[in-house]
Structure formats: C-alpha cells, structure tokens
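One structure below.
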Amino acid sequence: MRVESDGTGAGLSERERLAIRIEIAVVLVVTFGLSGFSAALSLLESALAPGGIGGRTVALNSTRSAQSIIDLLFQLVGVARLAGWAALGLYLLWRSGIGPRMIGLARMRLRPDVLHGLVLAAIIGLPGLGLYLIAHALGASVTIVPSSLGDHWWRLPVLILSACANSVAEEVIVVAFLITRLRKLGWSENSSLLASALLRGSYHLYQGLGGGLGNLVMGVIFGRYWQRTNRLWPLVIAHATIDAVAYIGYTLLRGHVSWLP
C-alpha cells in the first residue's frame with residue numbers, strides 16, 4: 001500500500017497542522033537537523049582555517065578510548081544512538097497510523113529489495129568515490145578517514161554495525177519520515193523530495209562542498225526511488241553497502257594504494 005497525500009493537506013485542522021510541524025521540528029533537532037547546522041559550521045571553520053578545506057582531515061569512525069573494551073562500548077553507544085533515531089521515526093509514524101509495512105519495510109525480498117539495493121549502491125557509490133577524489137584534488141573536500149579504529153578483534157564487526165545503523169537512521173528519518181509527514185501537510189512530491197535531499201546534503205557539509213553536493217544528488221535519487229516504489233529496503237541496503245565498502249575498503253587499502261588520500 002502506498003502512502004500518499006492529495007497534495008493539499010485537506011482535512012487537517014490548524015491544530016493538527018501545528019502538531020505535525022512541531023513533530024518534524026523536534027525530530028530534526030534531535031537527529032539530523034542540528035547535524036546539518038553543525039556540519040555547515042564545520043565547513044565554515046575549515047574554509048577560514050589557514051590550510052583551507054583541503055587541509056583538514058575528518059575521521060568518521062575514530063578511536064574514543066585507549067582501552068579496547070571501553071572503546072568498543074563507545075562505538076556501540078554510537079550505533080545504539082542511530083538505531084534509537086530510526087526507532088523514533090518509526091514509532092511516530094506508527095502512532096499516526098503508518099506502520100513499517102506502509103513505508104516499505106515489510107519482509108525483505110531478493111527482488112526488488114536486495115538486487116535493487118546493490119544496483120543503487122553501484123550507481124551512487126562509484127561516481128561518489130570519483131567525485132570525492134576530484135574534489136579532494138581540487139582542495140574542495142576535506143581528507144576523509146572512514147576509519148581510524150585500532151586493530152582490535154571487534155573492528156570489522158563494529159564498522160559493519162556502524163554502516164547499518166547509519167543507513168537505517170538516515171533512510172527512515174530523512175526519506176520515509178520526513179517525506180511522509182510533509183505529504184500530510186500537503187507538500188507536493190517534488191517539494192518534499194527537495195527538502196529531503198537538502199537535509200541529506202546539509203549534514204554532510206563537514207566533508208566539504210563536494211560531499212554536500214554528492215549527498216544532495218544521492219538524496220534526490222533515493223527519495224524519488226522511494227516515492228515511486230514505496231520500498232525502503234533497497235535504500236537501506238544500498239546505503240549500508242556503500243558505507244561498509246568505504247569503511248572496510250579503507251581499512252584494508254590504507255597505505256597500500258597511492259590514489260587513496
């Protein structure tokens with residue numbers, strides 16, 4: 001079943017409209033909205049620094065403690081936080097009568113979910129890597145270190161968990177939750193898609209303009225796919241695959257290839 005608005009938001013009282021706007025605002029403040037503001041400040045700081053944007057390095061999965069077990073617990077707390085964000089979005093949609101099945105999180109299927117997810121990962125991931133390398137060479141991107149975790153027994157499982165948590169949180173909140181709630185307010189498909197894509201691009205600005213632009217394009221493609229198919233699993237699979245390949249690939253290739261910054 002596809003969840004759609006008639007495009008007018010008809011039938012909602014002013015109190016209901018206000019409640020939805022407050023709900024959206026609270027969720028974004030708790031999750032990716034403030035992350036976008038913080039990322040913009042990070043980009044500005046990098047631009048004003050002596051070395052510029054190209055002189056800054058950002059670690060996505062960094063060591064939090066010199067003690068292996070404590071570091072592991074810190075990493076798991078980060079995973080749990082992202083899972084909690086996704087759960088918040090799912091809960092609020094469920095409270096409004098929109099269960100997981102209605103946003104495309106029914107039982108996963110090989111086709112179209114897994115295969116479409118892998119295709120989306122290739123469409124986004126390969127050009128994204130090329131864009132990053134070009135932007136980095138031009139000094140328009142920070143140096144991204146996907147993982148700086150120590151060589152612990154738990155490093156690879158944690159990186160995979162982190163990739164999955166990032167994926168679920170972003171696709172549930174930025175695509176399913178935000179677009180669904182904007183539909184309820186009467187926003188058009190194009191307007192809600194643009195809002196979703198801009199949000200996704202904003203909280204990646206810490207990577208530089210290239211990272212922000214690349215994720216904005218990713219947001220347009222992912223959002224439109226969901227609007228047309230109402231299947232969220234392919235987006236979750238694609239995003240998790242992109243992140244996992246980046247995290248683990250960097251860990252394995254670091255110091256062995258010349259083209260990796």
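Derivation of every value follows stated rules applied to the coordinates shown; laboratory data play no part. The shown structure was predicted, so the numbers you read here are calculated from the model rather than taken from an experiment. Positions of Cβ are generated from backbone atoms using ideal geometry, with glycine treated the same way; all protein chains shown enter the neighbour counts.
Roughly how big is the chain's charge dipole about its Cα centre, with Cβ charges of +1 (Lys, Arg) and -1 (Asp, Glu), in debye to the nearest 20?
520
For region 114-179 and region 207-249, what is the centre-to-centre distance using only Cα atoms, to the nearest Å?
Region 114-179 and region 207-249 have Cα centres separated by 8 Å.
Using a 10 angstrom cutoff on alpha carbons, build the Gaussian network for the chain and name the most mobile of ALA49, ALA195, ALA240.
ALA49
Which value at 222 nm does the chain reach when only helices count, each DSSP H run of 4 or more adding -39,500 (n - 2.57), with the total divided by all residues and rounded to the nearest 500 deg cm²/dmol?
Counting only the DSSP helices, I get -21500 deg cm²/dmol.
Under 10 Å, Cα contacts only: if you run a Gaussian network model on the chain, which one of ILE144, ILE221, ILE123 comes out with the highest mean-square fluctuation?
Comparing ILE144, ILE221, ILE123 in the GNM, the peak value goes to ILE123.
Quick one: among PHE37, PHE74, PHE222, which has the greatest mean-square fluctuation in a GNM of the chain with alpha-carbon springs under 10 angstrom?
Among PHE37, PHE74, PHE222, the largest mean-square fluctuation in the Gaussian network model of the chain belongs to PHE74.
According to the square roots a ≥ b ≥ c of the eigenvalues of the Cα gyration tensor, what is the shape class of region 56-95, taking rounded for a/c under 1.5, prolate for a/b larger than b/c otherwise, and oblate for the remainder?
Oblate is the answer for region 56-95, as a/c is 1.5 or above yet b/c matches or exceeds a/b.
If a/c stays under 1.5 just call it rounded; otherwise compare a/b with b/c (prolate if a/b is bigger, oblate if not). Do that for region 1-155, with a ≥ b ≥ c from the square roots of the Cα gyration tensor eigenvalues.
prolate
Once you order the gyration tensor axes a ≥ b ≥ c over the Cα atoms, which shape class does region 154-261 get: rounded for a/c under 1.5, otherwise prolate or oblate by comparing a/b with b/c?
In terms of gyration-tensor shape, prolate.
Tilt of helix 209-229 relative to the longest C-alpha principal axis of the chain, in degrees (0 to 90, nearest 10)?
40
When Cα extents along the principal axes in Å is calculated directly from the model, which label among (1) 59, 51, 36; (2) 103, 37, 31; (3) 59, 40, 34 fits?
The value computed from this structure is option (3).
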